[in-house]
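Heads up: the structure comes next, in C-alpha cells.
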Amino acid sequence: MLRQVVISCLIALAVLPAAARTRPHYGGTLRIEVEGDPWKVPDGIAWSLVHDGLTRMDSNGTAIPALAVRWETQNDNHRWQFWLRPNVQFHSGWPLKPSTVVLSLSGSCRADAGCPWTTVHAVGTSIVFTSDSPMPNLPALLSGNGYLIGQAESEEGKALPGSVGTGPFHFVGLQNGAETFEANEGSWQGRPFVDKIEIFSHKSIHDQWLDLSVGRADIVEVPAEQLRVAQQQHLTLLTSPPVTLLALAVADSSLLSNPNIRGAIALAVDRSALSNVIFQKQGEVTASLLPSALTGYSFLFPIERDLNKAHEMRGGLATPALTLAADNSATMQLAAQRLALNLHEAGFNVQVANAATAQHKDLALIQLTLASGQPQSSLESMLRSVGVSTPVIENTPAGLYKTEHEFLETHTLIPLLYLPRAYAVSGRVRDLRLSASGSPLLADVSLQDAQ
Amino acid sequence: MKLACIIAMVIGSLTGFAVQAQSTAPSPWQQPAATLAEQVAALLGPGQAQLTIRNLSTIPTEQIPALRRLLSQELKVHGVLTSGAESANIVRVTLSENARERLLVAEVVEGDESRVTMVRLDPGKAPQPQSAGGLTLRRQAIFTTSDQVLAALETPNGLVLIEPEEIVFLARTPDGWHEQKRVGIGQTRPITRDPRAMIYLSADAGGFEAFTAGEVCTGSFQHASPPADWSVHCRESDDPWTIVQPPVMQTGTEAQAATQMNIGVTPIKAFYNAARNYFTGVINGSSGVDLPPFYVATQLVRSAATMPLLAGGIDGKIQTLENGKLRTVTGTRDWGSDFAVLHSGCGTGMQVVASGSGAATSDSLRAYELPAQEAIPASAALAMGGTVTASWTEPEGKSVMAVVRMQAPVGQAEQYEVDRVTASCN
C-alpha cells in the first residue's frame, strides 16, 4: 500500500504545479542547463526537440500517429506498412519523403542489437518493414529516440548534420555558449509556445542550481541522490516515476561464462545499501527489469543479499581480478566501489575502472531508460539495449514475467535500482510535463512572463 | 525431501470491494477466486497445501478474510485441501497492483519448480468530489472520451462534440450516448498546441454554428431525426467568432423564461488569432472600442441598461468594457482564463463561474457575484478533477458546460469529460 501511495505521489509530481491556471502564453526564451551532452545518442535532450518519429506514445502507453498517420500489419506481424503524413517539411524546407525516411531508419540500425526489422523500403507514400521474426511491438518501438527521423542528405546528395528534422524546434547553432533552438512555425503538431530554447551543456549540478537561484536558468537537473537536498532547499521540483534502471551487466566470457559464478555475483550485491547510502533512499530497489508500477509482479524477483549462497555457488573457485567499469561521474564511481566491496565479501577481486577508458570490462554498471509506459514494448526495448534481439511476443502479465524470468536467470544483467529523473524549475515555467521515460516535454512549455 | 516450487499468478477484477463477504449480493471475489483456484489446482494436483495471503495493494485489508474463505472453498472443489499446516506445498497468494490494474498473484511452492499464470481485474473507480458552500455548485458528467474535446452542444436527442479535427454526432439512447457520425473539419493549416473551438445553437434552434481556428462549420438537424442524419458543412474562414450568443428562439414556458433573461443581449463577434490561442481584441457589435488581446469574454446583464462586456486578457487582467471604457475588476486574482455567466436565480440572479486553482492539474470552478467592479465569491470551489480547458454558458443560461482534461496516472489514457455545472441556492 505504501508503495502505491509513493507511486501516486510521484505521478502527481510529474506535472508541474502552476500558481494559477491560465492558458499558455506564446513567446520568450527557455534556458536549460544540463550536465552532459544534449546531443548524446539516443537520450540527449536535443534530439526530441528537432526530430519526430513515425509514431509517438500517448499517456496510456499506446503508439499513436506522428510522422506516420496510419499503419497495418500483415503476415502475422512479419510485415508492417506505415503511411506518411502529407505536407510535412524538414527544417531545411525539404519535404518528408519515403526515401528520406528509409535512409534515416537504415542509419538507426547500427547500434546495440540492430533493428527489429530485416528490410525497410519505400512503397508509394508508405514505408514497409519486413522481418524473419514477428515484430508485434514495432509501432511502439518506432516511437523511441533511436528511430527518430532526420534528413541525412541535402537535395544535392551532400551529407547533413544529424540536427535536421521535422520537430517542434529547429537547431540554429551555438550562440553565446548555448545550443540554440528556435520555434518551428510550420510544425505539424503546432508551433511550440516558447520562441527559443537555449541549452547550456557540461554544467556541474552545483553551477546549475546556482544559475537557477539567480534567474539565469529555467530548468536544471536534479540527480536522484540529490533530491532530498533539493527539497531541503525548497526548489520547485518535477519528478518522474522510477524510469532509470541501474543494473550490473556481466560479461558472458572467460570465467564469467560459468553461470554459477554469475549467479554468485547476483546474490552478493547489496541493493539496499546502494539505495540507502549512495542514492539517499530515492530509488526503488529491484531485481526485475520492469518497475513494479508497470507490472505488479516485481516482488517475485528476490532482492535480498545471500552471501552464504553466493559463496556456495562460487564453489571456492579462485577468480582472477575482475574489472568493473562505470561512468566517470562521482556517483556512479561511488556506486561501483560499493559493489566491488560487496563482491569482495563474496570472494571476488574486483577493480573499478572508468568506462570510457577501460580496456576490458568484465562487469559494467549501466543505466537503462524505460522507453514507455507500455510494458511489452518497454521490455523489448530494454532487452534490445543490452543486445538481446528476440522480440517480446507475450503481452499478458504472466507472459511478460516468463520472458523476464528466463532472461534474468542467465544473470548477464543484474537489476539493482530504479531511479526517478528530476528537474528543478524556475517560477516562470508553465505546464512542464515529463514523458514516460522521464524526459521533459519542452514543446508544450510556456513562460509565465511571456506576452 | 524433494520440494517443488510452483508459482501461479492470477490477476482478475477487484471492483466493488465495498461489498462485504457476508452480503447476499454476489462477491466480487467469486470469479477471480474460482479462476485462481482452478489454475492452482491444475499446477498442484489434488492434495494438501498451506494457504497464505499477503496484501501489497490498496485493497482494504478487511477484504482478505472473505477472499481466503472463497479460495479455500474453490480449492477444495478442485481437490486441494488448505488445512494442511504441515504440508510441504504452499499456496502463497499476493494481492498486488500496477498503474493500470490490480493483480491477484498466487505462488504455489512445491520445491524448486516455478510456473506462472495471470488474470486481470477491473480498476476501482475514484469517488466523485463533493462541493460545499453558500451557493452550491454541482457537477454532472455528460460524456467522457479519450479524444480531445474542444466544445460541445447538447440537443434534446443528441450531442455534438467539436474535436480538433472532427465534429462528432452522438445519439442519446437508454444505454447512454452512442456515436453516430464523424465529419472531418478539413483544416489546411497545422492545429495549434492549445486548440480552441466554440459552438452555438443557430437562431432558429434548427442547427448550429461552430468555430475553430481558420474554419467555420454550420450544421443543421431536425430534432425528430437521429444525429446520423444531421448534416454539417465546414469552410475555411477568418471571420470573427461569435462570443456572445444572441437570444435563441425556443418553445416552452421554461425556455421562454430563459430567453427573457437574454433579451437585450446583442450578438458580439471577435476575431480569433488562428495561429495562437486568443482573440486579437478586435470586436464588432459593441461600442466601437476594442479590447486588449483576450482569452475569454462574456456579457454581464446587470439591468436592461447595464450590460458590460467582461473579458479575461492574456495579461491576466479581468476587465469590463462598458460605454467605451475599460475598467479593471478586482478580486479576480485566483481566476484562470475560462469563465462563463450562470443565471442561477440565486443572490443577484446572475453569477460568473470562473476556473482557477492552485495547480493546473486540479482545477476548480467557483461562482462569483459582480455587482460592481469587484468579484465576490458566491460559492465554494467545485473541484473538477483535472484541468478545465473550456467553459461556456448553455443556451438557456441556467447551467455552465465545461470540458475537463482529467488527471490520468502514467499508463492510463487521458480522458476528456464534458460536464454540466448547475447551482442551487442555500
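Values quoted throughout were computed directly from the atomic coordinates according to the rules given, and no laboratory measurement underlies them. Treat the numbers as computed from the prediction; the structure is a model and nothing was measured. Heads up, the Cβs are rebuilt from the backbone with ideal geometry, glycines too, and the neighbour counts pull from every protein chain shown.
Scaled against 2.2 N^0.38 Å for its residue count N, the alpha carbon radius of gyration of the protein assembly as shown is 1.04.
Rounded to the nearest 5, the antiparallel percentage of DSSP beta bridges internal to the protein assembly as shown is 90%. Taking a ≥ b ≥ c as the square roots of the eigenvalues of the alpha carbon gyration tensor, region A:78-145 is prolate, as a/c is not under 1.5 and a/b beats b/c. Of all lysines in the structure, the ones whose alpha carbon falls short of 21 Å from that of A:K309, not counting any fewer than 8 places away in one chain, are B:K2. Residues A:T403, B:T145, arranged from fewest to most other Cβ atoms within 10 angstrom of their Cβ, appear as B:T145, A:T403. Note that region A:342-445 shows a convex hull volume over its alpha carbon atoms of 181 Å³ per residue. In plain terms, the residue of B:W392, A:W188, A:W94 with the fewest other Cβ atoms within 10 Å comes first and the most crowded comes last, giving A:W94, A:W188, B:W392. The Rg/Rh ratio of region A:45-179, with both radii computed over alpha carbons and Rh defined as the Kirkwood radius, is 0.97. Using only Cα atoms, what is the ratio of the radius of gyration of region B:136-424 to 2.2 N^0.38 Å? Computed over Cα atoms of region B:136-424, the ratio equals 0.95. Which FRET efficiency value, to the nearest 0.05, do you get for A:D76 and A:V386 by plugging their Cβ-Cβ distance into 1/(1 + (r/R0)^6) with R0 = 25 Å? That gives a FRET efficiency of 0.40. Rg/Rh for region A:242-420 stands at 0.94; both radii use Cα atoms, and Rh follows the Kirkwood definition. Take every DSSP beta bridge whose two residues both sit in chain A, then give the antiparallel share in percent to the nearest 5. Close to 80 percent.
Once you list every other residue whose beta carbon is under 15 Å from the beta carbon of A:L67, what net charge do they have if Lys and Arg are +1 and Asp and Glu are -1? Net charge in that neighbourhood comes out at +3.
Exposure proxy shown here: for A:L54, A:L227, the number of other Cβ atoms within 10 Å sets the order, fewest to most, as A:L227, A:L54.
The overall shape of chain A is oblate: from the C-alpha gyration tensor, with semi-axes ordered a ≥ b ≥ c, the ratio a/c is 1.5 or greater and a/b is no larger than b/c.
Counting Lys +1, Arg +1, Asp -1, Glu -1, what net charge surrounds A:N354 among other residues with beta carbon under 13 Å of its beta carbon? Surrounding charge for A:N354 is 0. Each part gets one Cα centre, and for region B:378-395 versus region B:191-211 those centres are 19 Å apart. Let me check I've understood the local charge: for B:E166, count other residues with C-beta under 13 angstrom from its C-beta, Lys and Arg +1, Asp and Glu -1. What total comes out? Cβ neighbours under 13 Å give a net charge of -3. Annotation: the antiparallel percentage among DSSP beta bridges lying fully within region A:242-420 is about 70. Cross-link candidates for B:K325: which aspartates and glutamates have Cα within less than 19 Å, leaving aside residues fewer than 8 places away along the same chain? Leaving aside aspartates and glutamates fewer than 8 places away in the same chain, those within reach of B:K325 are B:D290, B:D315, B:E374. If only the Cβ of Lys and Arg carry +1 and only the Cβ of Asp and Glu carry -1, the dipole of the protein assembly as shown around its Cα centre is close to 1000 debye. Under 12 Å of direct C-alpha separation, and excluding same-chain neighbours fewer than eight residues apart, B:K181 reaches these aspartates and glutamates: B:E166, B:D229. Return the loop-located trypsin sites (Lys or Arg not before Pro) in region A:161-250 (DSSP other than H, G, I, E, B) with at most 16 other Cβ atoms within 10 Å of their own Cβ; answer none if there are none. When the trypsin sites (Lys or Arg not before Pro) of region A:161-250 are filtered for loop state and at most 16 Cβ neighbours within 10 Å, A:R216 remain. Per-residue packing, averaged as other Cβ atoms within 10 Å, sorts the ranges A:278-289, A:367-378, A:338-349 into the order A:367-378, A:278-289, A:338-349, beginning with the highest.
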